[in-house]
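Reviewing the structure listed below.
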Amino acid sequence: MVNVGGIAGETLRKFIERVERLDEDKKAVTEDIKQVYAEAKSLGFDPKVMRKVITIRKLDKDARQEEEALLEIYMHALE
């Protein structure tokens, strides 16, 4: 490949192909996750609640406590 307008074609192609491979991997992982949720649901677990638990577990302790406090405040405000 040649340089066009200062762009190294071969280098660009390699980046594009890496992104394409990673996108394929991401699709495969997404399908695997869907299957795990389906399996859990078949055993009586609620996937929506599982997703919420996963979201909460990603937060650090302080962020989780702040979110829980705000949620409690908002719920009381709606009573």
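Every read-out reported here was derived from the displayed coordinates using simple, explicitly stated rules and does not represent laboratory data. Note that the coordinates shown come from a computational prediction; the quantities given were computed from them, not determined experimentally. Counting neighbours? That spans all protein chains shown, and the Cβs are built from the backbone with ideal geometry, glycine included.
Below are the figures for this structure:
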{"quantity": "Three-way shape call for the chain based on the alpha-carbon gyration tensor, with the a/c threshold at 1.5", "calculated": "oblate"}
{"quantity": "Cα lying deepest toward the dipole's positive end in the chain, options 28, 8, 53, charges on Cβ", "calculated": "8"}
{"quantity": "Degrees between helix 47-58 axis and first principal axis of the chain (Cα, 0 to 90, nearest 10)", "calculated": "80 degrees"}
{"quantity": "Point-to-point label distance, residue 72-residue 26, nm (Cα→Cβ direction, 7 Å offset)", "calculated": "3.8 nm"}
{"quantity": "Assigned charges on the beta-carbon of Lys, Arg, Asp, Glu; the chain dipole about Cα centre (debye)", "calculated": "280 debye"}
{"quantity": "Sum of -39500 (n - 2.57) over DSSP H runs of 4+, divided by residues of the chain (222 nm, nearest 500)", "calculated": "-27500 deg cm²/dmol"}
{"quantity": "On Cα atoms only, tilt of 61-77 relative to the major axis of the chain in degrees", "calculated": "50 degrees"}
{"quantity": "Loop-located chymotrypsin sites (Phe, Trp or Tyr not before Pro) in segment 33-79, at most 13 other Cβ atoms within 10 Å (DSSP)", "calculated": "45"}
